[in-house]
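Student: Dropping the structure in here first, questions after.
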Amino acid sequence: MSTLNRMGNCHNIYQGADKRVLCVCSAGLLRSPTIARVLAEEYNYNTRAAGIIEEYALIAVDDVLVEWADEIVVAEKWMGDEILSKFPKATTFISLDLPDIYTRMDPTLVRMIKERYMEYV
């Protein structure tokens with residue numbers, strides 16, 4: 001699918017009115033899918049998970065995902081800085097300061113996400 005088609009889809013009205021949140025970690029495999037699931041379950045947000053390091057990311061952060069997002073939540077502050085340097089039109093990001101030591105859906109990670117995101121709600 002071309003970027004043009006994807007860009008059109010990111011504004012598709014049939015996605016609903018729920019807040020769209022892009023969740024980002026280094027590879028998009030452990031922390032960001034956990035963040036995405038927690039925010040979807042806790043706040044009914046429309047979420048996506050992606051990685052900032054393209055060499056490792058299953059789904060890499062790109063201009064379409066950044067355009068799609070109403071909010072970007074990053075696992076670590078440097079990831080938000082990287083997004084802003086690559087995509088100057090990026091929305092404001094929230095950093096949860098989550099170290100890269102947890103497995104997907106680790107109970108401690110889930111608890112930290114809930115506690116730290118609550119500071120921004």
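A short reminder: the numbers here are calculations on the coordinates, not readings from a lab. This is a predicted model, so every value here is computed, not measured. Virtual Cβ from ideal backbone geometry, glycine too; neighbours counted across all protein chains shown.
Student: What Kirkwood hydrodynamic radius do you get for segment 18-118 when you take the inverse of the mean 1/r over all pairs of distinct Cα atoms, in Å?
Tutor: 13.0 Å
Student: Related question: What longest region of the chain stays clear of GluC sites (Glu not before Pro) that DSSP places outside H, G, I, E and B and that have at most 12 other Cβ atoms within 10 Å?
Tutor: That would be 56-118.
Student: Not counting the cut sites, what is the longest span of the chain without chymotrypsin sites (Phe, Trp or Tyr not before Pro) that DSSP labels loop and that have at most 15 other Cβ atoms within 10 Å?
Tutor: By the stated rule (loop sites, at most 15 other Cβ atoms within 10 Å), 57-119.
Student: If a paramagnetic tag sat 7 Å from the Cα of N12 along the Cα-Cβ line, which residues of segment 28-60 would have the backbone N under 19 Å from that point?
Tutor: Backbone N within reach: 45-50, 59-60.
Student: Report the relative contact order of segment 18-118, percent, no decimals, based on alpha-carbon pairs under 8 angstrom and at least 6 residues apart.
Tutor: That works out to 30 percent.
Student: In the chain, which longest range has no trypsin sites (Lys or Arg not before Pro) that are both DSSP loop (not H, G, I, E or B) and surrounded by at most 16 other Cβ atoms within 10 Å?
Tutor: Within the chain, the longest run free of exposed trypsin sites (Lys or Arg not before Pro) spans 20-88.
Student: Straight-line reach from K19: which aspartates and glutamates have Cα under 14 Å away, leaving out those fewer than 8 places along the same chain?
Tutor: E41, E42, E67, D70, E71
Student: Using just the helices of the chain, give the 222 nm mean residue ellipticity in deg cm²/dmol: DSSP H runs with n ≥ 4 each add -39,500 (n - 2.57), and the total is spread over all residues, rounded to 500. Each step should come with its number before you reach the end.
Tutor: Details: 5 runs with 48 residues, N = 121.
Counting only the DSSP helices, I get -11500 deg cm²/dmol.
Student: Related question: Straight-line reach from K77: which aspartates and glutamates have a Cα under 13 Å away, not including same-chain ones fewer than 8 places off?
Tutor: Qualifying aspartates and glutamates at Cα under 13 Å: D97, D100.
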